[in-house]
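Just so it is clear, none of the values below were taken in a lab; they were calculated from the coordinates. Treat the numbers as computed from the prediction; the structure is a model and nothing was measured. We place every Cβ from the backbone using ideal geometry, glycine too, and count neighbours over all the protein chains shown.
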């Protein structure tokens, strides 16, 4: 497995902080009072039951939906002051694959690179999740697990310091989960930050655990 972190420029950031963050969806408050303060190399694992707001939290953090209350600061600056600059520093992977079925596997990576303005090494990205042999195959023929691997492959070439990952291990086999864990570890060693919403027991060392419950924010603690 290739160590792609050595091919990247180390991300530089003073971190991200969530201050009393809340989210409203469909006229109800999904969560409230979320607090976190992450520095380069840190990871935050978000857990909770279905409907507790894990995906909503990541979408708020990505700037796709507004916060009901509270604020997010990046490099000490409120992200609302320059949402475009902030979003250029993050890489969001939702629980949906976002794969274009009529494009080949390689073309999907190239399209993401173009849309995001990131000069991705397509071959390196494909190699990390074992997709080189499928590079010219139309994505519509991929299995659910292969589509998930394709969606995650762009992380292997991402230079953006903040990763927001929503259920990234869904549909992955054990080998692919291990590759994902390695990729997250490489990203953190390079100074990146990872925020991961997951039901799976991903091995993310020294991560802070944030639990969302029926009343929103329940607890925050360090995982061993």
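Against the longest principal axis of the chain, how steep is helix 105-116, in degrees 0 to 90 to the nearest 10, with axes from Cα atoms?
The angle comes out near 40 degrees.
How high is the FRET efficiency between residue 177 and residue 111 when r is their beta carbon distance and R₀ equals 25 Å, given to the nearest 0.05?
0.45
Using R₀ = 35 Å, calculate the FRET efficiency as 1/(1 + (r/R₀)^6) where r is the Cβ-Cβ separation of residue 103 and residue 201; round to 0.05. Can you show the working numbers first?
Numbers: r = 33 Å, r/R0 = 0.95.
About 0.55, to the nearest 0.05.
Using only the alpha-carbon atoms, how far is helix 174-189 inclined from the longest principal axis of the chain? Give it as 0 to 90 degrees, nearest 10.
Between the helix axis and the principal axis of the chain, the angle is about 60 degrees.
Pop a pseudo-label 7 angstrom from the Cα along the beta-carbon direction at both residue 185 and residue 143 and give the gap in nm to one decimal.
Simple spin-label model gives 2.5 nm for this pair.
Quick check: convex hull over the Cα atoms of the range 52-143, volume per residue in Å³, rounded to an integer? Mind dumping the intermediate values first?
Details: hull volume 12.2 nm³, N = 92.
Here the figure is 133 Å³ per residue.
Calculated from the structure, Cα extents along the principal axes in Å equals which of [x] 42, 34, 34; [y] 47, 34, 33; [z] 41, 39, 37?
Only one option fits the structure, namely [y].
Between residue 81 and residue 69, 0.36 nm times their residue separation minus their Cα-Cα distance comes to what?
2.7 nm
With each label point set 7 Å from Cα along the Cα-Cβ vector, what nm distance links residue 96 and residue 49?
2.6 nm
How high is the relative contact order of the chain, given as a whole-number percent (alpha carbon pairs under 8 Å, six or more residues apart)?
Here the relative contact order equals 30 percent.
Per 0.36 nm of contour for each residue apart, how much would the distance between residue 211 and residue 136 grow if the chain were fully extended, relative to their Cα-Cα spacing? Please report the intermediate quantities before stating the final value.
On the way: separation 75, 0.36 × 75 = 27.00 nm, distance 4.13 nm.
Result for the pair: 22.9 nm of gain on full extension.
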